[in-house]
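Participant: After the structure tokens below, expect a handful of questions from me.
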Amino acid sequence: MHETGRYRLGLRLVQLGNAALQRLDLRGLARAELEALVAATGETATLSAPGEGVAITIDFVQGPSSVQGVAQIGRPSVAHATATGKVMLAFTEGALPEPPLPAYTAATITAPARLRAELEQARERGWAESLGEREEDLNAIAAPIHNDRGGLAAILGLQGPAFRFDTDAMSAAIEPLRERAEAISAKLGWQLAPP
């Protein structure tokens with residue numbers, strides 16, 4: 001407070017406010033694409049924001065089936081055990097999680113070398129997957145949403161129970177997932193480089 005009795009916003013508070021506004025805008029920009037992805041695949045679509053070591057769910061649209069994966073706003077994605085977390089690791093400059101990597105299921109990647117190989121594969125193909133790695137009966141795929149500078153703005157995910165969202169269903173959902181992620185990226189000003 002200055003001698004005048006007026007308050008000034010600190011730089012950090014302004015930065016936090018701007019970050020919150022960007023995320024709110026992102027939710028609005030992405031909502032129709034989340035709904036379109038659910039309509040195309042029948043599974044639950046999630047929108048997550050990358051953070052320090054985790055990606056946090058900021059919006060979702062549930063699939064229409066009575067049996068589905070549970071999505072919650074504010075739920076963190078385990079970086080090495082979820083498709084969303086792997087996209088975050090693959091498309092940012094952040095450090096990999098420190099070993100030992102905890103196992104959530106028998107399928108969880110716990111070897112750092114194997115995780116690095118999977119992240120390289122995710123960068124090459126433009127999406128990541130998780131096959132029962134955080135929860136035994138839950139499969140997921142995810143793709144990056146780019147900002148106008150090509151950086152990772154958010155992550156679009158799709159998840160479903162393994163008995164229905166199996167490898168064939170996941171393969172069929174990759175193209176709709178990538179199309180919706182690119183559509184959101186375009187709304188943020190990102191332009192896909194010509195092939």
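The values are calculated or read from the model by the stated rules, or taken from the named source; none is laboratory data. Here the structure is a predicted model, which means the values were calculated and not measured. For neighbour counting, all protein chains shown are included, and Cβ atoms are generated from backbone atoms with ideal geometry for every residue, glycine included.
Participant: Here is a check on your reading of the model: is Ala95 in a loop (DSSP other than H, G, I, E, B) and of a type outside the set (Lys, Arg)?
Facilitator: Values: in a loop (DSSP other than H, G, I, E, B): yes; of a type outside the set (Lys, Arg): yes.
When the stated conditions are applied, Ala95 passes them.
Participant: While we're looking at this one, here's another question. Can you tell me which residues in the range 139-195 are more than 12 Å from Glu43 (Cα to Cα), out of contact with any helix residue (DSSP H, G or I) (no Cβ under 7 Å at 6 or more places or on another chain) and among the basic types (Lys, Arg)?
Facilitator: Within the range 139-195, Arg149, Arg178 meet the criteria.
Participant: Also: Give me the pairs: first residue in the range 102-126 and touching a residue at least 40 places away in the same chain (Cβ under 8 Å), second residue surrounded by 14 or more Cβ atoms within 10 Å (Cβ to Cβ) and not in a helix (DSSP H, G or I), beta-carbon distance under 8 Å, and six or more apart or on different chains, which are they?
Facilitator: Listed pairs, sorted by first residue: Gly126/Ala143; Gly126/Pro144.
Participant: Could you please give the count of residues in the range 21-39 that are exposed (fewer than 14 other Cβ atoms within 10 Å of the Cβ), modelled with pLDDT of 95 or more and more than 10 Å from Arg180 (Cβ to Cβ)?
Facilitator: The number of residues fulfilling the criteria is 1.
Participant: Also: On the basis of being within 18 Å of the chain's Cα centre (by Cα), assigned to a helix (DSSP H, G or I) and modelled with pLDDT of 95 or more, does Leu89 make the cut?
Facilitator: Working: within 18 Å of the chain's Cα centre (by Cα): yes; assigned to a helix (DSSP H, G or I): yes; modelled with pLDDT of 95 or more: yes.
Here the answer is yes, as Leu89 does meet what is asked.
Participant: Are any of the residues in the range 116-128 surrounded by fewer than 21 Cβ atoms within 10 Å (Cβ to Cβ), of a type in the set (Lys, Arg) and either within 17 Å of Ala45 (Cβ to Cβ) or touching a Phe, Trp or Tyr at 6+ places or on another chain (Cβ under 8 Å) (or both)?
Facilitator: yes
Participant: Do we find that Ala153 is small (Gly, Ala, Ser), in contact with a Leu (Cβ under 7 Å, 6 or more places away or on another chain) and surrounded by fewer than 21 Cβ atoms within 10 Å (Cβ to Cβ) in this structure?
Facilitator: Values: small (Gly, Ala, Ser): yes; in contact with a Leu (Cβ under 7 Å, 6 or more places away or on another chain): yes; surrounded by fewer than 21 Cβ atoms within 10 Å (Cβ to Cβ): no.
No, not satisfied.
Participant: Continuing with this model, one more query. Could you please tell me which pairs satisfy a Cβ distance under 8 Å, a separation of 6+ or placement on different chains, a first residue in the range 49-69 that is under 28 Å from Gly94 (Cα atoms) and free of Cβ contacts under 8 Å to residues at least 40 places away in the same chain, and a second residue that is assigned to a loop (DSSP other than H, G, I, E, B) and of a type in the set (Gly, Ala, Ser)?
Facilitator: Val54/Ala79; Ile56/Gly74; Thr57/Ala71; Thr57/Gly74; Phe60/Ala71
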